[in-house]
Every structure is written in C-alpha cells, then in structure tokens.
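The structure under discussion appears below in the form of structure tokens.
Derivation of every value follows stated rules applied to the coordinates shown; laboratory data play no part. For clarity, every value in this text was computed on a predicted model and none was experimentally measured. Reconstructed Cβ throughout: ideal geometry from the backbone, glycine too, with neighbour counts over all protein chains shown.
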C-alpha cells in the first residue's frame, strides 16, 4: 500500500522567512512524487514533480529515498505563496493510482 | 486546449434527493479520479478509473455513492438519497503521464 503523510495541517510563517512543508511517504515500489498547490478560488494544479528537478516559483523539493521524504522548500516566503499544498505519490511505471496527502495550508504573514 | 470541465458548477438539493455530477476529462487521458473536498479539509479520494474500469473504489463513503465512465471519456458520479454530510466540493481530475489535471469542481449543498 502507498501512503503519504503531511504532518502539518497549518504552517504560518512571516514574509521573507524560509518555508519547509514536510512530506513523508511509504511505498515499496519505485515512487514518483509531486507537489500540487491550490490558491484561493483557483483549481488545484501541479507545482512540481521530482523527476523534473525544477525550481518553480522559487520552490524546490528533493526526493530522499533513505528518509522517504519529499519536503517542499523555499528560502524566502512571499505573501502570494499562501495556499493549500498537497504532496502526492504514484508509481514511476505509470498506470497506478495517485495517492495524496491530507494537505498543508501555508499562511504567509505580511 | 480545453481543460477538465465539470458540471454543474453548483448544485443545491434537498435531503433525500438523488444528484448526478458530470466530469469531462481532457481528451486522450485514460485515468480519471473523483475526490471530495469538505470545508477546511483536504482531498478525500473517492474512486479511480483506468479506461472504463474502476480498479479502486475504496474511497466511496457508502453504497449511496456510485460512479461510471463510458467510452473512456465522460464520467458521472451519482449520489442517491443525499444527506447533509454529503455537502462538499466534488473534484474530478484526469491524468497523463502521472500528472493530474483538475477540474473546477462541483459545489454540492444539501439542505
């Protein structure tokens, strides 16, 4: 079975402070990890995926297979980063169900 | 091109009535998911389709909930004898190369 854990329901940080949204997973196969974001009154959308190794809107996430983690980081939070963030997992081989974590609401305080 | 669409965008119904929610995925996407998002809560997985078959229905909360997908395209989620606790936003997503594309959701209110 695959499981994604996001331990924080709410994370409040001040503008300009570093951000780390935690994600841990449990999966015996070859995982593919994602972060999705939902801004207020917008659709849920992909932020980044580990295979692309990109930095999107200043966010990065590194897959750590030893610690089974995929934490989302940004060095300096901006007010526009306030949103709901979901970590998700599937099998890298495709044709497998995607499992989402319960989400973390990021609140950036001006 | 067009993204995932859902209809209706809003649905208000009376307790005990049946409702049908529709999802039009992106053309060519073989996987389709239904989720529920209650106020202040995260995503709750309901059901997953691969083509027309549903390998995983484990998230359907009760036998009042059912879903089907025809022609590998449009999907409908049916809730029979709606209850107030069914009030939520119902999201649909279709998937390509493991990336999920979400629709705008249907906000269901059961009075």
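Each DSSP beta bridge with both residues in the protein assembly as shown is either parallel or antiparallel, and the antiparallel ones are about 90%. Spin-label model, residue A:102 to residue A:45: label points 7 Å out along the Cα-to-beta-carbon direction sit 2.8 nm apart. Along the Cα-to-C-beta direction of residue A:64, a point sits 7 Å from the Cα; which residues of the range A:1-37 have their amide N less than 12 Å from that point? Only A:21-25 pass the distance filter. Each residue, residue A:92 and residue B:15, gets one label point 7 Å from its Cα in the Cβ direction; the gap between the two is 5.1 nm. Please report the relative contact order for the range A:12-74, taking Cα pairs under 8 Å with a sequence separation of at least 6, and give it as a percent rounded to a whole number. Computed over the range A:12-74, the figure is 38 percent. Among beta bridges from DSSP that stay inside chain A, the antiparallel ones total about 85%. Taking 20 °C and 1.002 mPa s as conditions, the protein assembly as shown diffuses translationally at an estimated 119 µm²/s according to Stokes-Einstein applied to its Kirkwood radius (Cα pairs). Here the label points at residue B:66 and residue A:55, each 7 Å from Cα along the C-beta direction, are separated by 5.3 nm in the simple model. Counting only other chain Cβ atoms within 10 Å of each residue's Cβ, the peptide A:33-40 averages 2. Considering only alpha-carbon pairs that sit under 8 angstrom and 6 or more positions apart, the relative contact order computed for chain B is 37 percent. By the count of other C-beta atoms within 10 Å, a proxy for reagent exposure, B:64, B:36 are ordered fewest to most as B:64, B:36.
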